[in-house]
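A quick write-up on the structure given underneath.
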Amino acid sequence: MMSDNPSADHPQRYALHNEIHARPPIALWPNERIINQAFILDAISRRQQLSWINRASNSFPLHHGTAHNPSIRVLEIAPEPQRILLKWEMHGEFVSVTIFSQQSDTASFESRDAVLTKTGKRLESVNAQGLNELTGQRLVALDIALESAQPYPDAYEVAKRFSGNTVVGSVVTSNQNAQLWTDLQLDEAGFIQMILRGPAIGSRQAGRTVQRMIDAETYRMMALLALPHAKSLAEPLRSAELELARVSEKIATAQKKTTIDLSVDAQLLGDVSALAAQVEGWISANGLRFTAAEAYHELVKRSLVELHETTIPGVQMLNTFMDRRFEPAMRTCKWTVRRLRDLSDRISRTTQILKTRIEFVNESQQQELLSSMDRRAKLQLRLQQTVEGLSIIVMTYYATGLLQYVAKGLKEYGVPLDPDQVGLISVPTIAIGLLWYLTVRRRKQPPI
């Protein structure tokens, strides 16, 4: 029976459902200026960012397109027709802050400084902290111009807007109705300029395309954070591999000898253990960064695929440029991870070989010790048997003498006993009795 009682819902139902609406694109108007910055966060700057956006959220209304996610806020800094939106996104390692500023047309695009200044003043006017209060280390800065205009005829015309730099470009969106241009160069303020230009780009379509452009650049830089780690490990890894090869060669040399020197094996085991500790330290220190780089790399590739690029004659596409420049850096990181894993596995195998050699020697020594103890036990048994034989003779001798003395005494009192006959009978009787007693006693003793 179906129930319409809300209390019957799973406690995480709404949170899980709203994940599908976590990052809806913002509908962009025909002429829009998008300024995006991403900041790397530590624990302190993360708290400061949260405090900053909470103060701003108390001063400005939430945009109707705000996602169902507390880590994403879209604030309406200025209303239409000169609309300014501020989108704040908190991620695991970074925060992304994007300003969407509506422009009248492409001919009157405001400068980036003017857009930032206007936005900052509106924030400060309602006692919210300005943009200069954004904390963290800036890793990404994009300046994207969304232009409702006819496509450029060739790259030469576009290059003039990029200080004559070589540009990459392509036709993008699923409808192939827009051009994407950029030189991927940092200007004096540290921004990368991009142009998305087309005569009839849909508002939602433009929002999705711009978001993919931002994602591709942000995740590219986040993935590249692993590259310095990979480069710094190149020489230490080479030294560690050579050290392991040296130890393996010594093991092979020792293996050819008929005798095993435990002191040499112990020294080699110590060297391998120190090497293993060093490699595991590298894996622990850099493993998270390399794992994150792999995840970011996949996000970059997905964002580029979703741009639906097609070639402009004579111009290199963004996807092709990334494949030739970005992919080698990622392959360097993947190769470093593979070297670390392979080296760790080789060290484990080498350690196992040394342990096997040492265990073999220990078992051999234990076997020799047990054999020695067995020989001693047998000698002790033989000695005991010899002593017991002598004891039987001695005890039989004294017991027989004692009985003869008794027989002589009884003969004096008239008892018809011949001491010699008593002695003759008592010798085998006493000997057999003692032998039986000792045999029974020996059987009751636990085996050695």
>> Could you tell me the relative contact order of the chain? Use alpha-carbon pairs under 8 Å, at least six residues apart, and round to a whole percent.
In response: 13 percent
> According to a simple spin-label model (label point 7 Å from Cα along Cα-to-Cβ), what is the distance in nm between Ser273 and Lys121?
Replying inline: 7.1 nm
> GNM on the chain, C-alpha springs below 10 Å: top fluctuator among Gln12, Gln366, Gln278?
Replying inline: Gln12
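How big is D, in µm² s⁻¹, for the stretch 17-113 by Stokes-Einstein at 37 °C and 0.692 mPa s if Rh is the Kirkwood radius over C-alpha pairs?
Numbers: Rh = 14.4 Å.
Roughly 228 µm²/s, to the nearest whole number.
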> Of Lys250/Lys355; Lys87/Lys160; Lys256/Lys355; Lys160/Lys301; Lys87/Lys118, which ones are farther than 22 Å apart at the Cα?
Replying inline: Lys87/Lys160; Lys160/Lys301
> Based solely on its DSSP helices, what 222 nm [θ] is calculated for the chain when runs of n ≥ 4 H residues each add -39,500 (n - 2.57) and the sum is averaged over all residues, nearest 500 deg cm²/dmol?
Replying inline: -20500 deg cm²/dmol
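Over every pair of different alpha-carbon atoms in the chain, take the mean of 1/r and invert it; report that Kirkwood radius in Å. Don't jump to the answer; show the numbers that get you there.
Details: mean 1/r = 0.0331 Å⁻¹.
Mean inverse Cα-Cα distance, inverted, gives 30.2 Å.
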>> Just to be sure I understand: with springs between alpha-carbon atoms less than 10 Å apart, which residue in Val387, Val97, Val210 has the highest mean-square fluctuation in the Gaussian network model of the chain?
In response: Val387
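Find the Rg to Rh ratio for the stretch 227-370, where Rh is the Kirkwood radius over alpha-carbon pairs and Rg uses the same atoms.
On the way: Rg = 23.1 Å, Rh = 18.6 Å.
Value, to two decimals: 1.24.
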> Looking only at Ser344, Ser372, Ser273, which one moves most when the chain is put into a Gaussian network model with springs between Cα atoms under 10 Å?
Replying inline: Ser372
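Of the peptides 132-140, 216-224, 178-186, how do they stack up when ordered by the mean number of other Cβ atoms within 10 Å, highest first? Walk me through the numbers on the way to the answer.
Details: 132-140: 15.7, 216-224: 21.9, 178-186: 20.2.
The packing order, highest mean first, is 216-224, 178-186, 132-140.
Quick note: the coordinates plus some simple rules give every number you see, no bench work behind them. In this text the structure is predicted, and so the values were computed from the model without any measurement. Virtual Cβ from ideal backbone geometry, glycine too; neighbours counted across all protein chains shown.
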